[in-house]
Amino acid sequence: MYIYGGCSSSNKAFNDLHCLDLREGRWRKPRSSGCPPPPKECATVVAYDNRDIVIFGGWCQPARTGINSAAKFFDDLYIFNTNSQTWSSPAVNLNGPRPCKRAGHAACALGHRMVVFGGAQRHLRFNDVWVLDMVNMTWSCPSIRGKKPSGRFGHSQMVLDDHTVLMIGGCGGPNLLFGDVWILDTNEWIWQELEVNNRQWEAPQLWCHPAVYIKGTVLVFSVPRHQGHVLSPEGSLGVGQRPGLDGFLPMQTFILDCSQIRSHFSCSWKPPPEMQGTLPATSLHSVVVARGEIIIFGGMFTRWSESSPETSSNLVTISATI
């Protein structure tokens with residue numbers, strides 16, 4: 001598992017690359033050659049061809065140092081070859097169409113294509129779709145028919161099959177959080193909004209909480225459903241609970257059943273399982289599925305007694321058996 005970039009609780013951005021050996025449970029820092037990307041966060045990192053790590057976009061926000069500096073957004077593309085341990089920055093559509101600078105977008109690989117949707121740049125919220133041909137290294141912007149999702153950032157995007165993308169949640173701005181679910185047919189280039197059932201069990205935070213898709217089910221790891229400082233009785237625990245001894249809300253698993261997508265264009269939230277352990281609920285973490293496990297790393301969390309977020313270095317593994 002590879003981790004790139006990110007930021008600290010003081011907004012300091014990183015451009016280092018780390019690798020976790022999943023068999024030995026050991027971290028290492030690759031001795032790479034070439035020019036790496038600049039420090040950034042909220043970029044997309046996509047695996048391609050069992051060899052390449054493709055990094056696109058992102059931003060670097062002003063550090064909390066008292067020095068005035070403007071946020072910087074990126075539209076650059078970098079590739080890390082895990083075999084040769086080298087960085088490269090291919091020239092892509094220098095004089096042709098290409099996506100504008102953005103962060104908080106989502107991307108996934110479908111065959112030899114990387115599909116990018118949404119993102120933000122300052123006050124702008126995007127709902128465009130861009131496709132990178134990773135063989136010819138060219139960008140294209142397909143013409144989308146029909147109704148489209150609203151512009152957003154911080155959403156999750158997953159692969160259903162070799163031509164279908166699933167998108168969930170995101171944020172459109174202050175007090176504009178989304179809980180909608182869409183699929184994109186990349187053969188016909190048509191969005192289809194899904195009917196979402198059992199919203200009483202919906203994850204309360206569906207932005208900056210990456211989701212994973214496993215065998216017809218989407219899993220989201222978020223804060224428990226709550227009202228004020230007490231978890232709501234209709235949440236997974238059945239009784240109100242206060243934050244843990246360390247003053248943070250625990251991590252909760254939320255389950256979206258997607259088995260009816262093809263037949264009824266619908267999906268349903270299921271009752272969450274009982275919470276296990278006392279790990280803090282984080283946002284902006286990384287989550288991958290590998291070797292029969294869901295692996296969650298890093299993120300930010302806030303204690304009830306504090307106003308500033310803290311950075312987590314926790315590595316959490318959960319069985320991927322559903």
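The values are calculated or read from the model by the stated rules, or taken from the named source; none is laboratory data. Not measured: the values here are computed from a predicted model. FYI the Cβ positions are ideal-geometry reconstructions off the backbone, even for glycines, and counts take in every protein chain you see.
Figures for the structure shown
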read-out: Condition met for Glu24 (out of contact with any Asp or Glu (no Cβ under 8 Å at 6 or more places or on another chain) and free of Cβ contacts under 8 Å to residues at least 40 places away in the same chain); value: yes
read-out: Test set (1) closer than 30 Å to Trp182 by Cβ; (2) part of a loop (DSSP other than H, G, I, E, B) - Ile79 fails condition number; value: (2)
read-out: Scan of segment 251-284 for residues that are farther than 13 Å from Gly216 by Cα, crowded, with 18+ Cβ neighbours inside 10 Å and either aliphatic (A, V, I, L, M) or out of contact with any strand residue (DSSP E or B) (no Cβ under 7 Å at 6 or more places or on another chain) (or both), ordered by number; value: Met251, Met275, Ala281, Leu284
read-out: Test result for Leu160, surrounded by 17 or more Cβ atoms within 10 Å (Cβ to Cβ) and either touching a residue at least 12 places away in the same chain (Cβ under 8 Å) or closer than 24 Å to Val218 by Cα (or both); value: yes
read-out: Selected residue (criterion: surrounded by the most Cβ atoms within 10 Å (Cβ to Cβ)) from residues of segment 12-24 that are in contact with a strand residue (DSSP E or B) (Cβ under 9 Å, 6 or more places away or on another chain) and not in a strand (DSSP E or B); value: Asn15
read-out: Filtered residue count, segment 101-132, keeping only those that are in contact with a Phe, Trp or Tyr (Cβ under 8 Å, 6 or more places away or on another chain), part of a strand (DSSP E or B) and not aromatic (Phe, Trp, Tyr); value: 13
read-out: Identity of the residue in segment 51-70, outside any strand (DSSP E or B) and modelled with pLDDT of 95 or more, that ends up nearest to Thr138 (Cα to Cα); value: Gly57
read-out: Single condition Trp27 does not satisfy, out of (1) surrounded by fewer than 17 Cβ atoms within 10 Å (Cβ to Cβ); (2) touching a strand residue (DSSP E or B) at 6+ places or on another chain (Cβ under 8 Å); (3) not in a strand (DSSP E or B); value: (3)
read-out: Within segment 185-220, considering residues that are small (Gly, Ala, Ser) and surrounded by 19 or more Cβ atoms within 10 Å (Cβ to Cβ), the one nearest to the chain's Cα centre (by Cα); value: Ala211
read-out: Near pairs, Cβ below 7 angstrom, 6+ apart or cross-chain, from segment 203-215 (under 15 Å from Met251 (Cα atoms)) to any residue that is surrounded by fewer than 21 Cβ atoms within 10 Å (Cβ to Cβ) and aromatic (Phe, Trp, Tyr); value: Leu206/Phe178
